[in-house]
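> There's a structure below that I have some questions on.
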Amino acid sequence: MGRRLGQHFLARKSILERIALAACNEHAPVVIEIGPGKGALTESLLSLAKKVVAIEVDPYLVHYLRQKFREPIDLGRFVLVDGDVLKTDLSAWGRAVVAGNLPYYITSPILEKTFAMGQAWERSVFMVQAEVAARLAASPGSRAFGYLTVQAQLYSRPEILFTVPRTAFRPPPKVDSAVIRLDPRDAGSDLGIVDRAAFLRFAAACFRQKRKTLRNNLAPVYGKQRVDSLEETRLRAEQLSLADLARLYHKIES
């Protein structure tokens, strides 16, 4: 996405190279880049991957990228998709790494799209706001642990690789960023969760009002008598691990 849509462009080549190396540190025939902007990260990705598929929604930047990467486009090493990533089938290019600088307001929907790739998803390396990275990788009991944590850790193992200071961007944003790697994980099977969408709806209800207890959050959905009979519901959702939440889900749905 371009600056007109709220993006700040990363200007430090050394950081761009570190992100590309994290995305392509193993055999990476295809990398899908979300929101390439003016192609700064794209250049580093093209130096390591066999093919880069870039999805850009800003018409001005699409035109700019077509001119800038004319040669790799002609060689078939660079595919430019003019469109909205949320309306794009990310599994269309087979097994791939997904990378990019994610705007805060669509982080969760993009994660959903990535996880929906199934076996086509190799891993992801995203740059996000530092606060968002902390939420994705949070541990139970911390204030950062919430619905986004559960969503991410149900499908992946998040690892914060390094932070990126706001001074590395042009123009500088108001907050620092972090680069996070997400490796596929099938926690749902390990925890006996067959319907992941239903479990995530349950998790959303658990975290509906974070400062309230599970009893208060779940009673309107499952009924006061049923919820009050479960000892765990006297706690707040952030005090339970993913495994604890899965056990509570099985109890309350049985």
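The values are calculated or read from the model by the stated rules, or taken from the named source; none is laboratory data. Here the structure is a predicted model, which means the values were calculated and not measured. Quick reminder, even Gly has a Cβ in these numbers, built from the backbone with ideal geometry, and neighbours come from all protein chains shown.
> Within segment 99-112, track down each residue that is out of contact with any strand residue (DSSP E or B) (no Cβ under 6 Å at 6 or more places or on another chain), surrounded by 19 or more Cβ atoms within 10 Å (Cβ to Cβ) and not β-branched (V, I, T).
L111
> Take the residues in segment 63-118 that are at pLDDT 95 or above and among the polar types (S, T, N, Q), then tell me which one is farthest from the chain's Cα centre (by Cα).
Only one residue tops the list, namely Q67.
> Mind checking which pairs have a first residue in segment 241-253 that is polar (S, T, N, Q) and a second that is not in a helix (DSSP H, G or I), Cβ under 7 Å, 6 or more apart or different chains?
The qualifying pairs are S241/P140.
> Checking V175 against (1) β-branched (V, I, T); (2) touching a strand residue (DSSP E or B) at 6+ places or on another chain (Cβ under 8 Å); (3) crowded, with 21+ Cβ neighbours inside 10 Å, only one condition comes out false. Which one?
Going through the list (1) β-branched (V, I, T); (2) touching a strand residue (DSSP E or B) at 6+ places or on another chain (Cβ under 8 Å); (3) crowded, with 21+ Cβ neighbours inside 10 Å, V175 breaks only (3).
> Which condition does L154 not pass, out of (1) more than 29 Å from R211 (Cα to Cα); (2) more than 11 Å from the chain's Cα centre (by Cα), if it passes all the others?
Failing condition for L154: (1).
> If D186 satisfies every condition in (1) under 17 Å from the mean Cα position of the chain (by Cα); (2) crowded, with 17+ Cβ neighbours inside 10 Å but one, which is the exception?
Every listed condition holds for D186 apart from (2).
> Still on this structure, please answer the following. Within segment 37-57, work out how many residues are more than 20 Å from F162 (Cα to Cα) and in contact (Cβ under 8 Å) with a residue 60 or more places away in the chain.
Total satisfying the criteria: 1.
> (1) buried (at least 17 other Cβ atoms within 10 Å of the Cβ); (2) touching a Lys or Arg at 6+ places or on another chain (Cβ under 9 Å): which one isn't true of R157, the others all being true?
Looking at each condition in turn, R157 falls short on (1).
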